[in-house]
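Peer 1: One structure is given below, represented as structure tokens, and several questions about it will come after.
The values are calculated or read from the model by the stated rules, or taken from the named source; none is laboratory data. None of the values given here were measured: they were computed from a predicted structure. Here Cβ is always computed from backbone atoms with ideal geometry, including for glycine, and neighbour counts include all displayed protein chains. Please note that ligands, DNA and RNA were not included when accessible areas were found on the heavy atoms of the full protein model with its side chains. Shrake-Rupley method; radii C 1.70, N 1.55, O 1.52, S 1.80 Å.
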Amino acid sequence: MRLGDKVSGWLGAIGATLVSGLTARVAFAGYGRGDPWQIGLQDPVTSIARDNVWFNDVVFWMMVAITLFVMALLLIVMIRFNSKANPTPSHTHHNTLLEVAWTVIPIAILVVIAIPSFKLLYAQYSYPKPDLTIKATGNQWYWSYDYADHKGVAFDSYMLKDDETQALRDKHVDAPRLLSVDNEVVVPLNKVVHVLVTSKDVIHSWAILSFAVRTDGVPGRVSSTWFKAERLGVYYGVCSELCGKDHAFMPIAVRVVADDVYAKWLDVRKAGGKGADDKARALIQASISVPNQAVAAAAPGAPTTQTP
Amino acid sequence: MAAQLTTDAGHDNHGHDDAGHYPDFVTRWMYSTNHKDIGTLYLIFAVIAGLVGGALSIMMRLQLQTPGMHFFKDPHLFNAMVTAHGLIMIFFMVMPAMIGGFGNWFVPLMIGAPDMAFPRMNNISFWLLPASFALLISSMFVEGDSGGHGVGGGWTLYAPLSSSGSPGPAMDFAILSVHLAGASSILGAINFITTIFNMRAPGMTMHKMPLFVWSVLVTAFLLLLSLPVLAGAITMLLTDRNFGTCFFEASCGGDPLLYQHLFWFFGHPEVYILILPGFGIISQIISTFSKKPVFGYLGMAYAMVAIGVVGFVVWAHHMYVTGINVNTQAYFVFATMVIAVPTGVKIFSWIATMWGGSIEFRSPMLWAIGFLFLFTIGGVTGVMLANAALDREYHATYFVVAHFHYVLSLGAVFSIFGGFYYWFPKMTGYLYNERLANIHFWLMFVGANTTFFPQHFLGAAGMQRRVPDYADAFAGWNWISSLGSYCSAAGVIVFLYCIGQAYMRKIPAGSNPWGVGADTLEWTLSSPPPFHQYMELPHID
């Protein structure tokens, strides 16, 4: 009896957490980064990512339905056929119709899932003509980027350490710990970007969830992906293949800016020279405007900083 | 010693006396040729390894409880723990417990055989494991990758992190360790296949064998066919590291993806190896405590065969993001989804077995029902991951970690504990305190769910796996997950106490403590069974 109470207590606690988590998720969005207590995928900013989130939701709810169905059957069985309720067991151990049904119906469900699944997979691999091409090379433990269309636009991207991000946040600059980098990948809004990914040493993986993009950087191979970001802002990703001790500490940051900002940034990068990194950073910082990127600030528990 | 063995052989002619005549301690436990003793050795080994692997997981959850590097300052040490946790739980806990432990104990008993086909090879299969474990432990004390000690490449040991990325000898120790464990399993597989095909008692046709025996048979084939590929892959890694070959080294013309194909050609059947015997155990338990034969016996047996066969042609669903061709990915999406069908057949058949039964909620049955529900959850997240398009977002995140821990910690481990509580009275002759066993169940049920359910959220939100620290947004679910792990740990402590107490109290179990539902051959023998059983073969009608 006491054990049952304890169990209900635990289930209640978990349930409450889940419910509050779900409502919290509805309250604010996770663009380009996770949110505290987030339940679902990061919010999409490309059409591929939107399709991904849609497909994920469809499959997810189908799986929930299947799980609840199994749970219901188990509950019925436990209540109707426990030894007190049913002292004499039957000996039925065949029913051809049932066995055919539970083979054919799952096949039908899988076909229903497979059709949009293949469509989405092939869409991910349908490359529109690129407006720009960026080469991302994984290293232990940072990324290096090379803008293939412009000579001399190449830089390394290191994670900012905790004290550096803390200092930035103290100055009311949005700089999430373990995600912020010194040199972000800057791309223009609504342009098709091809990303070629490789590695100089061990396998790394370049990923941005809000773009639904992830591809391994394998040394000796070049793999590719593409995205077309439809919202201004900064979008973070993390290295997604264990690559040694600082695997957790080599994030990816893609900053989507307006065309004119991008053009100015390119000029700064092409000019190069000492201080180019700082000039580029200052340029981006100055271009950040509040209104259409203010969502994160509204979130409870989010840093009270200027939004990206 | 030799004289004693000869004397024992001499006693063989004297019939029943010998059935209970135990050899001296060293002969009995170091040179065992008795499947029950070897099974016991495997189970003890699995418990010890499980405690080590479990301790590693608690330490990982302590680290991940809050953001920041508070518990471990060295991220490489954390990676080494992740690697060790995986290798230990897979090769030294689940496989020894299910196949070496329960397989050895009960396959001969269930088919009416006096022992395994190759009793001495059975012994070396076991003793290879402590040697393998010792090599793995040794690897923790020598240089690995990233300038630290121990192997930090994850249990998958991807090249080139595990070849040129790991200059120290730790990886070589790990490779040799896996070689020994693999050899142990291959020899065991040969033993099981031969035993099951050739030593069934008269009347025990293949289609009358208990489903646990079927599960071990299919598992043995998977081991036999997949482990040599792993052996090949890690040998190629060894020669890349030490003998100048270039299989996986891009700089001299090799390809790291070759390693992944070879590894996962083994790795995917491996995960079915980890769960199939569990399916067999669950069938036995559900049938016993529903007092009904398993529904759709042939469907169940051949579903396992289908899972085993199809399991060999789905490996690249672990490689969707590696840059393989989209058409290749599409094929693997299709093949992976196919496996959901026989698995679903099994879940529904188990429920149908319970339907119309007269269910007693004894401890083993709690574990089995828990398994049905929780393995279903793990299975449906697997269907989600099977879609390459979705895997683009989920690969290498905590969503995958949640998926495989649901099917392993809440699937395989539940079936191991269920089997343990089911067969403990038979193996030892003692009854355990069922209240304690049930407390263990509930602590594990609540604990493991609390640990792994939130990890689905963490993965969807973007937390990657194999990391000692994470962005602050992930703090909430990580904290809950860690609390859950401490609850499971409490469950394990209750388990140890429960078993210890059973040995202390020595309450006799009798040959069949479970009643009419327990209708397989082991329940006709005494508890524990005699040292040698079936000196005259039973006849099955």
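Peer 1: In a shell of Cβ-Cβ distance under 14 Å around A:ALA175, excluding A:ALA175 itself, what net charge do Lys and Arg (+1) and Asp and Glu (-1) give?
Peer 2: Spelling it out: positives minus negatives among the neighbours equals -1.
Peer 1: Tell me the label-point distance for the pair B:MET30, A:ASP267, using the 7 Å Cα-to-Cβ offset, in nm and rounded to one decimal.
Peer 2: Taking the simple label geometry, B:MET30 and A:ASP267 are separated by 8.4 nm.
Peer 1: In terms of the Cα gyration tensor, with a ≥ b ≥ c the square roots of its eigenvalues, is region A:117-160 rounded because a/c is under 1.5, prolate because a/b exceeds b/c, or oblate?
Peer 2: Verdict is oblate for region A:117-160.
Peer 1: If contacts are Cα pairs under 8 angstrom and at least 6 residues apart, what is the relative contact order of region A:132-288 in percent? Each step should come with its number before you reach the end.
Peer 2: On the way: 360 pairs, mean separation 38.4, N = 157.
This gives 24 percent for region A:132-288.
Peer 1: Inside 10 Å of the C-beta atoms of A:98-111, what's the mean count of C-beta atoms belonging to other chains?
Peer 2: Taking the mean over all residues of the peptide, I get 5.
Peer 1: I've got another one for you. Between A:LEU97 and B:PHE141, what FRET efficiency comes out of the Förster formula 1/(1 + (r/R0)^6) with R0 = 51 Å and r the beta carbon distance, rounded to 0.05?
Peer 2: 0.25
Peer 1: A follow-up question, please. Note every residue of region B:388-436 with a reduction of at least 20 square angstrom in accessible area, all protein chains present versus the isolated chain, computed with a 1.4 Å probe, or write none.
Peer 2: Output list: B:ALA389, B:LEU390, B:ARG392, B:GLU393, B:TYR394, B:HIS395, B:ALA396, B:ARG435.
Peer 1: Can you pick out the pairs among A:LYS200/A:LYS228; B:LYS292/B:LYS426; A:LYS84/B:LYS291; A:LYS135/A:LYS191 whose Cα atoms lie more than 18 Å from each other?
Peer 2: As for pairs spanning more than 18 Å Cα to Cα, those are A:LYS200/A:LYS228; B:LYS292/B:LYS426.
Peer 1: Using only the Cα atoms of region B:331-385, construct the convex hull and provide its projected area averaged over every direction, in square nanometres to one decimal.
Peer 2: 4.0
Peer 1: As a test of the formula, what do you get for chain B when each DSSP H run with n ≥ 4 contributes -39,500 (n - 2.57) and the sum is divided by the residue count, at 222 nm and rounded to the nearest 500 deg cm²/dmol?
Peer 2: On the way: 18 runs with 346 residues, N = 541.
Roughly -22000 deg cm²/dmol at 222 nm, from the helical runs in chain B.
Peer 1: I'd like the mean, over residues of A:71-79, of how many other protein chain beta carbons sit within 10 Å of each residue's own Cβ. Write out the running numbers ahead of the final one.
Peer 2: On the way: counts 4, 0, 8, 9, 1, 3, 12, 5, 1.
Partner-chain Cβ atoms within 10 Å, mean over residues of A:71-79: 5.
Peer 1: Continuing with this model, one more query. Accessible area per residue of the protein assembly as shown at 1.4 Å probe, in Å²?
Peer 2: With all protein chains present, the protein assembly as shown gives 36 Å² per residue.
Peer 1: In units of 2.2 N^0.38 Å, what is the alpha-carbon radius of gyration of region B:311-437?
Peer 2: Compactness ratio reported: 1.32.
Peer 1: When the Debye formula is applied to the Cα atoms of region A:49-138, each taken as the same point scatterer, what base-10 log of I(q)/I(0) results at q = 0.10, 0.16, 0.24, 0.25 Å⁻¹?
Peer 2: Values, matching the q order: -0.53, -0.90, -1.25, -1.28.
Peer 1: Rounded to the nearest 5, what % of the DSSP beta bridges within region A:132-288 are antiparallel ones? Intermediate values should be presented prior to the final figure.
Peer 2: Numbers: 27 of 39 bridges.
If I count the DSSP bridges inside region A:132-288, around 70 percent turn out antiparallel.
Peer 1: If you don't mind, another one. If one takes the accessible area of chain A alone plus chain B alone and subtracts that of the pair, with a 1.4 Å probe, what total in Å², rounded to the nearest 100, results? Present the calculation step by step, with values, prior to reporting the outcome.
Peer 2: Numbers: alone 18280 and 20780 Å², together 30920 Å².
By this definition, chains A and B bury close to 8100 Å².
Peer 1: Percent of Cα-Cα pairs per 5 Å bin, from 0 to the last occupied bin, for region B:129-186, please list those.
Peer 2: It works out to 5, 24, 29, 23, 13, 5, 1, in whole percents.
Peer 1: Turning to a different aspect of this structure: Say R0 is 22 Å: what FRET efficiency, to the nearest 0.05, do B:ALA134 and B:ILE493 get from their beta-carbon distance? Kindly include the intermediate steps, with their values, before the conclusion.
Peer 2: Details: r = 26 Å, r/R0 = 1.19.
Step by step, r from the Cβ atoms, then E = 0.25.
Peer 1: Turning to a different aspect of this structure: Carbon and sulfur: what percent of region A:132-288's accessible surface (1.4 Å probe)?
Peer 2: 52
Peer 1: Work out Dmax and Rg for region A:84-184 from the C-alpha atoms and quote the Rg first, both in angstrom.
Peer 2: Using the Cα atoms of region A:84-184, the pair Rg, Dmax is 28.2, 83 Å.
Peer 1: First select every other residue whose beta carbon is under 13 angstrom from the beta carbon of A:LEU209; then total the charges, Lys and Arg +1, Asp and Glu -1.
Peer 2: Charge balance near A:LEU209 sits at 0.
Peer 1: Return the FRET efficiency for the residue pair B:MET206, A:TYR122: r is the Cβ-Cβ distance, R0 is 41 Å, and the value is rounded to the nearest 0.05.
Peer 2: Efficiency for this residue pair is about 0.40.
Peer 1: What does the convex hull of the Cα atoms of region A:186-241 come to per residue, in Å³, rounded to a whole number?
Peer 2: Considering the Cα atoms of region A:186-241, their hull volume per residue is 72 Å³.
Peer 1: Evaluate the Kirkwood expression for the hydrodynamic radius of chain B, namely the inverse of the mean inverse distance over all pairs of different C-alpha atoms, and round to one decimal in Å.
Peer 2: Across chain B, the inverse of the average 1/r is 24.0 Å.
Peer 1: Still on this structure, please answer the following. With every protein chain left in place, what is the accessible area of A:TRP141 in Å² (1.4 Å probe, nearest 10)?
Peer 2: Approximately 50 Å² of A:TRP141 is accessible to the 1.4 Å probe.
Peer 1: Give the share of C-alpha pairs in each 5 angstrom bin for region B:258-327, from 0 to the last occupied bin, in whole percents, shortest bins first.
Peer 2: 3, 15, 20, 17, 13, 11, 9, 6, 4, 2, 0
Peer 1: Another one. For region A:53-100, what are the per-bin percents of Cα-Cα distances with bins 5 Å wide, up to the bin holding the maximum?
Peer 2: Histogramming region A:53-100 at 5 Å steps yields 5, 16, 11, 18, 18, 13, 8, 6, 3, 2 percent.
Peer 1: When averaged across all projection directions, what area in nm² does the alpha-carbon convex hull of region B:76-208 cover? Mind dumping the intermediate values first?
Peer 2: Working: hull surface 33.6 nm².
Seen from a random direction, the Cα hull of region B:76-208 projects 8.4 nm² on average.
Peer 1: Another question, if that's okay. In region A:132-288, how does Rg compare with the Kirkwood Rh, expressed as the Rg/Rh ratio over alpha carbon atoms?
Peer 2: With Rh from the inverse mean 1/r over Cα pairs, Rg/Rh is 0.94.
Peer 1: Continuing with this model, one more query. On alpha carbon coordinates alone, what is the Rg over Rh value for the protein assembly as shown, Rh being the Kirkwood radius?
Peer 2: 1.00
Peer 1: Take A:ARG50 and B:ILE44, extend 7 Å from each Cα along the Cα→Cβ direction, and tell me the distance between the two endpoints in nm.
Peer 2: In this crude spin-label approximation the distance works out to 6.5 nm.
Peer 1: Quick one, what does Rg over Rh come out to for region B:416-514 if you take C-alpha atoms and the Kirkwood Rh?
Peer 2: 1.18
Peer 1: Something else now. According to a simple spin-label model (label point 7 Å from Cα along Cα-to-Cβ), what is the distance in nm between B:MET121 and A:GLN285?
Peer 2: In this crude label model, A:GLN285 to B:MET121 measures out at 7.1 nm.
Peer 1: Relative contact order for chain B: what is it in percent, counting Cα pairs under 8 Å that are at least 6 residues apart?
Peer 2: The value is 18 percent.
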